[in-house]
Amino acid sequence: MHELDDAGTRSVVAIQRLQSAYGDAVTRRAWPEVVALFEPDAVVHIDTRTRDPFTLDGPAAIAEFIERSLEAFAFFEFAILNAVVELESEATASGRVYICELRHDQAGEWTQAYGLYRDRYVRHYAGWRIAGRRYTSLARTGPRVESFPLPADLE
């Protein structure tokens, strides 16, 4: 990790606010806000470790997938456990976001899901946006507790 100048610090804070805005919008199920956080050509790769990995293309597909996934939950809260940002240039960055989903389904069961987002961010006139994401499940609680090793390609 290296020292940041003032412009770099402002960029890191802006990206941290972007990460938090995502968690807030998903928790509130504010799908238009979720869509606005992604670049139009953003791609999200999802590996739940319990089924074949798959890809979502574009903000609308991303938000629709999350919306469908949350329909089963009477309560859902997205929590960021830890996050780091690495600036690559004035307009590009990457980050890791470790998350926990607190969930209460319609049948009354509480579960938690832990995961890792490996993000790419870009900045343009409208500010920083998520340009791409790779999600990997790390653990789940519920009737069956599962945990998985960190992804082999994690740098």
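The values are calculated or read from the model by the stated rules, or taken from the named source; none is laboratory data. Fair warning: this is a prediction, and the values are worked out from it, not measured in the lab. Neighbour counts are summed over all protein chains in view; Cβ atoms, including those assigned to glycine, are modelled from backbone coordinates with ideal geometry. All accessible areas refer to the heavy atoms of the entire protein, side chains included, with ligands and DNA or RNA removed. Shrake-Rupley method; radii C 1.70, N 1.55, O 1.52, S 1.80 Å.
Could we say that residue 15 is touching a Gly at 6+ places or on another chain (Cβ under 9 Å) and surrounded by 14 or more Cβ atoms within 10 Å (Cβ to Cβ) here? Answer is yes for this residue.
Residues in the range 67-85 that are touching a helix residue (DSSP H, G or I) at 6+ places or on another chain (Cβ under 6 Å) and of a type outside the set (Asp, Glu) were compared, and the one that is farthest from residue 139 (Cα to Cα) is 85.
Taking residues in the range 96-118 that are in contact (Cβ under 8 Å) with a residue 60 or more places away in the chain, and partners anywhere that are outside any loop (DSSP other than H, G, I, E, B) and of a type in the set (Ser, Thr, Tyr), the pairs with Cβ atoms closer than 9 Å and at least 6 places apart or on different chains are 97/22; 97/117; 99/114; 99/117; 99/135.
Considering the conditions (1) open to solvent by 60 Å² or more (accessible area, probe 1.4 Å); (2) free of Cβ contacts under 8 Å to residues at least 60 places away in the same chain, residue 154 is excluded by exactly one of them, (1). Counting only residues that are touching a residue at least 24 places away in the same chain (Cβ under 8 Å) and at positive phi, the range 36-66 holds 1 of them. Looking only at residues that are under 23 Å from residue 100 (Cβ atoms), open to solvent by 10 Å² or more (accessible area, probe 1.4 Å) and of a type in the set (A, V, I, L, M) in the range 19-35, which one is farthest from the chain's Cα centre (by Cα)? So, considering only residues that are under 23 Å from residue 100 (Cβ atoms), open to solvent by 10 Å² or more (accessible area, probe 1.4 Å) and of a type in the set (A, V, I, L, M), the one farthest from the chain's Cα centre (by Cα) is 30. Here is the figure for the range 86-138: residues that are over 16 Å from residue 36 (Cβ atoms), touching a Gly at 6+ places or on another chain (Cβ under 9 Å) and hydroxyl-bearing (Ser, Thr, Tyr) total 6. Would you confirm whether any residue within the range 67-81 is free of Cβ contacts under 8 Å to residues at least 40 places away in the same chain, within 15 Å of the chain's Cα centre (by Cα) and farther than 20 Å from residue 31 by Cβ? Yes, that holds for at least one residue. If the condition is being within 19 Å of residue 150 (Cβ to Cβ) and open to solvent by 20 Å² or more (accessible area, probe 1.4 Å), then the range 97-119 contributes 98, 101, 112, 114, 118.
Of the residues 47, 41, the single one that is among the acidic types (Asp, Glu), over 12 Å from the mean Cα position of the chain (by Cα) and closer than 27 Å to residue 147 by Cα is 47.
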